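The values are calculated or read from the model by the stated rules, or taken from the named source; none is laboratory data. Here the structure is a predicted model, which is why all the values come from computation and not from measurement. When we count neighbours, we look across all protein chains shown, and the Cβ atoms used for this are built from the backbone with ideal geometry, even at glycine. Only protein heavy atoms, including side chains, enter the accessible area calculation; ligands, DNA and RNA are left aside. Shrake-Rupley method; radii C 1.70, N 1.55, O 1.52, S 1.80 Å.
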Amino acid sequence: MKFNTLRTHLFLAFSILSAIFIATLLGSVYFYNKRNNIAKSIRKTDDQRVLALKNFKLVDDFLTFETRNENYFKTGKSRIKEDLTENHKVLIENLEQAATGFSSENKDVKGLLDSALFYQKRYYKNFLLTEALIKEKGFKDFGVEGKMRKFAHELMEIKNLSVENEVLMLRRHEKDFIIRKEEEYRIKFNTLCDTLGNREKKYFSHENEWNEFKTRLKNYQKYFNEYCIYQQKIGSNEKEGYISRLDLDYKNMDRLFDVVKEKTIGIETGLHKVLKLFTIFLISITLIIALAFSYFYSRRISRSANTIKENMNKYVLSGFTDRPTDIKKFNIAEFDMISAHFLRMAIEIDGYVNFFKIKVEERTNEIRKQKEEIELQKHKIQIQRDLLINQKFALVEKNKNFTDSISYAERIQKAMLPPIEEFKRVFTDCFILYQPKDIVSGDFYWIEEVETIENKKEESVFEYADLFSGGAIPAYLNLVAEEKISVPKQAGKKSKTVLLAVADCTGHGVPGAFMSIMGINHLNKICKEYKVVKPAEVLFGLNNEIEASLKQTERGGWVKDGMDIAFCAFDMEKMTMSFAGANKKLWLIREEKFFEFTGDGFPIGSPGNVYFNSTEIKLQRGDCIYLCSDGYQDQFGGAEKKKFKSKNLKELLVKISTLPFSDQFSVLKIKFDEWKGNSFQVDDVTVIGIKI
């Protein structure tokens, strides 16, 4: 191992400082442990004082409560005594441990703790003696007091008017002594007993009564005096009897605890001062030695480092041309090595400088060429960007024109839909929930009040079959004739029929809107121009019109373009309605009971000669009728992103059927929005409710 290296010098300095630090640490730990033990002793002294105070309170509770507790005298058991005994054992054990801990360190404190231990043992012994006297003294029917009460009661059983008042006075003096425990009442009791004992025989009816009275009086006086003696031994205050001894022992223990705490605090304070001075002394020595080592080695190292730094600065400032030619010795191995490596590095740098000059020139030429290529690419990108900007402006303009067209189509579609006032003019109450998926909708609703003439004779559909765009309908005529479908003639009684339809056309958005307009126009034509009002006939005509308009048969196969529709005809005078449906149902709620009427299972626009069935329904005041498209129940949402489903919509309608229809609209709207949440709307939504 080389002794002139910087590592060796630093290791030596570190070893010396570490030894001083370890000595400081060990000394601090020693004094800290001693101080900590003293602090624990102080806390234990406080705990012992608390236990002694608790014992004192338990004795006080025993004297206050158990001396008047018949159960204690009967069983001889006391919870208070058990707690006192347990605390006594713990306190004795703690005092013995504390005295043992101070036996070698401070004999004065040990003597004080031994004295406290003596007083505690005597305190408990005096308590046991007091308890024995209390048991012998007794209470009510137990002990001396019990015998005294027995003879008192026997004395009072002798009914003699000449001594009755004196006997009552004896009982009065007895109770006064028991309550006040004053000698005055004992003297009065004995004086009165002596007086009664000398009472002449003539006051009694016979000699046996006189003898019995004297015997009972003597026993009564005897046990009263014994009771007084026991009471004096026990003591009635802090100045006499065992109670005064208990109080004196407790006060002596409390005083000793004060002295022990004062002495232990003094010992702890002294140890704290010694620890503080010891720590300051060792830290001061450590700092002095550390500063001396630091000054010596920093001076030596800084000189060597400055010399090497001056040589490096001189070499760098010269532009790596003034290279050092010899190696300077510093008598520190590390700096000698740095100086040698610096000279070798300077030689290598000269070679690298020349090499990199050539490389830098070559790289500069490459960068110049790359810059020219980048400028050319930048020009091409700017041209493409300008082209994209122009295309963007063109798309924005086209999108605006398209949106404007759709918005205008929305106004047209809304204008074709009947306002809610037309519904309110006919029905008691109603609501319309109409919420397109896009700007325009594939759903529509339609209402019309048509004046018809009731005929005495109904004519066959042969007379108006050619009214429909489908032309002749031979395959259907027989079926229609069987149901007596007819066209009114200009005779008979006039009546008004309210026609109501809700339709869900194929698709949504613009295609659905075109289909909805086509459906509205055909319904107006069939019902208003041709005066066809029976739902089955209306749907038959609408199916033919749609099939013909879409040229279903001419396109070489049936394409599923058309609509699902629910169509109703109301006779408000007769309180009846007729319903027909193409893939649609009618829901009726009467007195919170749900009824469902199902239409036919094919849509409008079906090919061939199809016919529809009608359902006649007898209405009642208060009936609620609901027609809807598929959008509400098919909406995805909720926590699991599932469909709302028709079952849930039916249950919701039954639940809100008793509410005003404006409130029903609000509930349905809020429920739909909550269910949909952040999901997109999947279809057009239409729900219409009317009240008869």
**Study point:** Exceeding the 30 Å Cα-Cα cut-off - candidates Lys140/Lys202; Lys414/Lys650; Lys140/Lys188
**Key:** Lys140/Lys202
Review point. What ranking, highest mean first, results for peptides 628-640, 346-358 when packing means the other Cβ atoms within 10 Å averaged over each residue?
Key: 628-640, 346-358
Check your understanding: In degrees between 0 and 90, to the nearest 10, how far off the longest principal axis of the chain does helix 241-317 point, with axes built from Cα atoms?
Key -> 60
Exercise for review: Could you go through region 539-547 in sequence order and give the Karplus-derived ³J(HN,Hα) for each residue, using 6.51 cos²θ - 1.76 cosθ + 1.60 with θ = phi - 60°, rounded to whole Hz, and x for Gly and Pro?
Suggested key: 5, 4, x, 5, 4, 5, 5, 5, 4
**Study point:** Theoretical FRET efficiency, 1/(1+(r/R0)^6), r = Cβ-Cβ of Ile301 and Glu366, R0 51 Å, to 0.05
**Key:** 0.60
**Study point:** Above-threshold pairs, the threshold being 23 Å between Cα atoms, out of Lys584/Lys645; Lys34/Lys263; Lys534/Lys669; Lys400/Lys671
**Key:** Lys534/Lys669; Lys400/Lys671
Study note, to complete from the structure: Counting only protein heavy atoms and rolling a 1.4 Å probe, one gets per residue an accessible area for region 569-677 in Å² of 49
Point to revise | Label-to-label distance, nm, for residues given as Tyr30 and Ile178 (7 Å Cα→Cβ offset) | key: 7.1
Review point. Which of Asn36, Val167, His206 sits farthest toward the positive end of the charge dipole of the chain, with +1 on the Cβ of Lys and Arg and -1 on the Cβ of Asp and Glu?
Key: Asn36
Exercise for review: Could you sort 257-268, 288-299 so that the peptide with the highest average Cβ count within 10 Å comes first and the rest follow in order?
Suggested key: 257-268, 288-299
Practice item. Using Cα centres only, tell me the gap between region 517-596 and region 422-455 in whole Å. Key: 13
Exercise for review: Would you mind pulling out the separation of the Cα centroids of region 399-416 and region 613-692, in Å?
Suggested key: 27
Review point. Length gain on complete extension for the stretch Asp429 to Ser318, per 0.36 nm per residue less the alpha carbon to alpha carbon distance?
Key: 29.6 nm
Study note, to complete from the structure: Mean Cβ-within-10 Å packing, highest first, puts peptides 374-380, 528-534, 612-618 in the order 528-534, 612-618, 374-380
Study note, to complete from the structure: Scoring the chain by relative contact order with C-alpha pairs under 8 Å, at least six apart, yields a percentage of 10
**Study point:** Label assignment, Kirkwood radius over Cα pairs in Å derived from the structure, set [x] 29.2; [y] 36.5; [z] 41.4
**Key:** [z]
Revision key, fill the gap. Treating only Lys and Arg (+1) and Asp and Glu (-1) as charged, each at its beta carbon, one finds that region 373-423 has a dipole about its Cα centre, in Debye to the nearest 20, of 240
Check your understanding: By how many nm would the segment from Ala292 to Glu310 lengthen if fully extended, with 0.36 nm per residue of separation less the alpha-carbon distance?
Key -> 3.8 nm
Exercise for review: Could you let me know the centre-to-centre spacing of region 56-103 and region 115-190, using Cα atoms, in angstrom?
Suggested key: 25
Point to revise | Computed E for Ile187/Lys121 - FRET, C-beta separation, R0 41 angstrom, nearest 0.05 | key: 0.60
Exercise for review: State the extension gain, in nm to one decimal, for the chain segment bounded by Leu652 and Asp83, taking 0.36 nm per residue of separation less the distance between their alpha-carbons.
Suggested key: 197.9 nm
Check your understanding: What residues qualify as long-range amide H neighbours of His508, i.e. H under 5 Å apart, gap of 5 or more or another chain, H built at 1.01 Å from N?
Key -> none
Revision key, fill the gap. For Lys54 and Gln97, extending 7 Å from Cα along the Cα-Cβ vector and measuring point to point gives, in nm, a value of 1.4
**Study point:** Simple spin-label estimate for Ile347 and Phe11 in nanometres, 7 Å along Cα-Cβ
**Key:** 3.2
Revision key, fill the gap. Taking Cα atoms only, helix 6-65 is inclined relative to the longest principal axis of the chain by an angle, in degrees rounded to 10, of 70
Review point. Which sequence of Trp210, Trp587 reflects their accessible areas, 1.4 Å probe, from the largest down?
Key: Trp210, Trp587
Point to revise | Distance violations [Cα-Cα > 18 Å] among Lys107/Lys276; Lys528/Lys574; Lys125/Lys233; Lys77/Lys121 | key: Lys107/Lys276; Lys528/Lys574; Lys77/Lys121
Study note, to complete from the structure: Using the Kirkwood radius over Cα pairs of region 162-233, the Stokes-Einstein translational diffusion coefficient at 20 °C and 1.002 mPa s, in µm²/s and rounded to a whole number, is 168
Exercise for review: Compute the long axis of helix 107-137 from its Cα atoms, compare it with the longest principal axis of the Cα atoms of the chain, and write down the angle in degrees, 0 to 90, nearest 10.
Suggested key: 90
